[in-house]
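To start, the structure itself, in C-alpha cells.
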Amino acid sequence: MSQPKACILSVSGHTLTDGERKLLGEANPWGVILMGRSCGSIEQVTALTQSVWDVTGRQTLFFTDQEGGRVRRLRPPVWPEFPAPLSYLELYKAEPDLGREAVWLHHRLMAAELEPIGIRADCAPVVDILHAGMHKIVGDRALGDSAEVVGDLAQVALAGLAAGGVAGVIKHMPGHGRAEVDSHETLPVVRASRELVERDIAPFKQIRHAAMGMTAHLAYAALDDETTPATHSRKIIHEVIRKEIGFDGLLMTDDLGMKALGGDLASRATRALEAGCDVILHCSGLDAWGKVLRDPATVLREMTEVADVCPQLSGEQLRRAQAADAATAHAKAFDKAQGRARLEKLLSGGAWLVYCGRMTVLPVPDEDMLAQASAEAADARDAFVVDLEGYEGPLHLLLDLARRHKIDLVKISILKLADQYLDYVREAQARKIDLAADYLLMAAWLAFLKSKLLLPSEKKDEDELDPEALAGRLAFRLRRLDAMRKAVNELYVGNVDKRDVFPRGDPQLAKIIRKPLWNSTLHDVLKAFGDINVRKVKVQAHIIRRQPVVPLDTARRKLAALVPDLIDWASIQMMRAEDEDSKDAPRRSEVASFFSAALELTKDRAVELRQDQPFSDVYVRKAREALKAAE
C-alpha cells in the first residue's frame, strides 16, 4: 500500500460528502483535522472518524484545536467547558505543585473527551509567552508570562494529553507572543532583538522532545528577514527550529489559509515543503470575510488544491510521522469524574472571575488575607480612622487585631463605632461611597466578632461557622470585590453600548467615511512598479546578430545587366542575385533589393515599372525610349 500524502485536510460538515469520500480515498492524507462545523455530538463525531478510516483503509490520525477558553472545537453543552490556560498562572505562582496538578488535570480531562471519539492529536499546548502590549491573538491562550513558567507547564500539559492517549502539538515555533497583528489577517513582523527573540525560543527547548510541532506565520527580522514567515523560511526551520531548539519531531504548518502567507494555496504549500516543513495543515476554516466556511464545494476545492501538490511521505518525513502516530497509543486508566472533581476543588480554592474575555483565578484566602485586602482597599486619604476606648487608628487594622486576639474587644464600644461610621459616610458620599461600603462590612463583622465573644452559644450549631472561618470568607469576598471593580474599570475603558457602539437599526451619532489620499503621481507609481520588476528580472545583454542581405549595388548591377533583354515585362519576384556573398540571404531581402534597384533605374529612365493592383507582383521592362532607340 502506498504511503499517505504529507498533508492534514479537513471536512465540511457532520458527514462526508461524495466528493470528500473520493478525495480522501485517492489522496490518502496523513491526517484529518476537525473544525467546529464537524463536531455536533459524541455519536456523530465517532461515526465521522470511523467513516474516514473506512475510506482511507487505515486509522488516519485525527486532530482538533482543543485548548480551553476561547479556542475549542468541542463545545458545551455536549462537551464540558474548560478555562483558558492562563487561568492557572496565579495558582501556579502561589503554589507551583498545585498549579502543575491543575494543568495536568486540565489536559488529561480534555484527552478523556477526545480519545474515545477517535481524536488522538490535539493542537495544544500554546508554548508562546504572553507579552504585554502585544496582539490578543495569544492572550489567555498562553500558559504564562515567562519562559520558565511556560516551559514547565507545557511539559505538564503534554504529559496530561499523553496519559490519555492523545499526542500534543506544541505551537507556534519559534514563538508567536510578540505578534503585534493577527496572522489570520496579515503577516506580523517581529523586529525585536536576537536576545529578546531567544527568550521566546527558550520554552520550546524545554519540550523539544515533543512528537509534533507547528510553525508560526510570523517574520523575524533577527532570524531571517521581514518578509519571509517562519513557515516559508528554510533558515529558521533548519538553523533555529531543528538545530538551535533541537526539535526532531514532525513539523507541520499552521493553517495554510491564514492571510499572513501570500500566493495561492498550492504555492503556499510548495514553499512550506521546500523550506523544510514535514506536513501541510489546511483547515479551510474561514472565508475571505472572516466567516466560518461551511460550503462543501469550497472546502473540497481548497482541499483538492492542497492535496494535489503534496507528495507522499518518505524518508525523514515518514519516520517522524510514524513516531507521531506511535505517540498516541499509550492511554492509561483514569477516573474522569474523580479528576473533574479534583480540578474543580483546586479551582474552587479561588474564584473564576470572567471579564473582558479573560479568566482570573483568585487564590485561597490565607491567614493574612483580610488585613492585606483591607489595606489595599483603603487609601491613606480615605481611610476610616476610629477613636475608641482602647484603640485609635484605621478600622481595617482594628479588625485584623481583633481577629488575631491582639486587642480586648470588651472595651470597644460598638455604638461609638456606629456613630463614627455615620459621620464618615456623610463625608464619603462626596468622595468614595464604594469604599464606605467596604468599611460598613468591616464594622459589621467587628460587631459580630464582639457579639460572639460576649454572647457565646451554649450549644454550637453544626452548620454554623466559627468566627475565623467567617473572617476568612469576608477576606475572600473583599478580594473578589476588588477584582470585580478592576473588571468594571476595564469594561468602561473600552467601547460603551449606545455611546461608542450602536446596535443595527439604532441611530448613530456620526458616520465615518474613510477615503485614501494618494500623494504620488501616476508617473511615480509606474516608476516604482518598473523598479520592482527590474529588481526581479536578471539583466541580460541583447545581442543583435548580423543577418545576410543582398546589397543594393549587387541587385542594381544584376538588373542593369538584364535590362537589354527585358523587352517584355518580367516579374521582380522571379529575379535572383545568384551571388556567392548573397546565397544565404533570405528571399525577402532579394525582392527588396531588386525593387530598390528598379526604382533607381526607373529614375534614370532605363526601365519602366508596372503593378496591376495593390499587393500584386511588380513587373519591370526596358524603357520605351531605349526600345525605340534600339529599333
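The values are calculated or read from the model by the stated rules, or taken from the named source; none is laboratory data. Since this is a predicted model, take the numbers as computed values, not measurements. Don't worry about glycine lacking a Cβ; one is built from the backbone with ideal geometry, like all the others, and counts go over all protein chains shown. Protein only, heavy atoms only, side chains kept; ligands, DNA and RNA dropped before computing areas. Shrake-Rupley method; radii C 1.70, N 1.55, O 1.52, S 1.80 Å.
Over the stretch 113-227, Cα pairs under 8 Å with separation of 6+ residues give a relative contact order of 30 percent.
For the residue pairs Lys93/Lys243; Lys171/Lys536; Lys205/Lys259; Lys515/Lys538; Lys235/Lys332; Lys205/Lys538, the C-alpha atoms sit more than 30 angstrom apart in Lys93/Lys243; Lys171/Lys536; Lys515/Lys538; Lys235/Lys332; Lys205/Lys538. Sorting the segments 78-85, 558-565, 277-284, 519-526 by their mean number of nearby beta carbons within 10 angstrom, highest to lowest, gives 277-284, 78-85, 558-565, 519-526.
Counting only protein chains, not ligands or nucleic acids, how are Glu90, Glu113 ordered by accessible area (probe 1.4 Å), most first? Could you put the intermediate results ahead of the total?
Numbers: Glu90 90, Glu113 30 Å².
Solvent-accessible surface, decreasing: Glu90, Glu113.
Under the rule of at least 5 residues apart or a separate chain, name every residue whose amide H is placed under 5 Å from the amide H of Met35. Counting only residues 5 or more places away or on other chains, the set is Val11.
Couplings 3J(HN,Hα) for the stretch 552-560, derived from phi with the Karplus relation 6.51 cos²θ - 1.76 cosθ + 1.60 (θ = phi - 60°), are 5, 5, 5, 5, 5, 4, 5, 5, 5 Hz, where x marks Gly and Pro.
Distances between placed amide hydrogens fall under 5 Å for Gly69 paired with Phe82, Ala84, all partners being 5 or more residues away or on another chain. Between Asp54 and Asp182, the simple label model (points 7 Å from Cα in the Cβ direction) yields a spacing of 3.9 nm. Highest mean packing first, where packing is the average number of other Cβ atoms within 10 Å per residue, the peptides 321-327, 152-158 line up as 152-158, 321-327.
3J(HN,Hα) along the stretch 600-612, derived from phi through the Karplus expression 6.51 cos²θ - 1.76 cosθ + 1.60 where θ = phi - 60°, amounts to 5, 5, 5, 4, 7, 6, 8, 9, 10, 10, 8, 9, 6 Hz, with x in place of Gly and Pro.
Measuring nothing but how far apart in sequence close Cα pairs (under 8 Å, 6+ apart) lie, relative to its length, the stretch 174-297 scores a relative contact order of 25 percent. Phi angles across the stretch 191-202 convert, under the Karplus curve 6.51 cos²θ - 1.76 cosθ + 1.60 with θ = phi - 60°, into 3J(HN,Hα) values of 9, 5, 5, 4, 5, 5, 5, 4, 5, 6, 6, 3 Hz, Gly and Pro given as x.
Only one residue of Val45, Ala94, Leu16 has its Cα farthest out toward the positive end of the dipole of the stretch 1-103, where Lys and Arg carry +1 and Asp and Glu -1 on Cβ, and that residue is Leu16. Enclosing the Cα atoms of the stretch 150-304 in their convex hull gives a volume equal to 118 cubic angstrom per residue. Counting only protein heavy atoms and using a 1.4 Å probe, the accessible area of Glu316 comes to about 100 Å².
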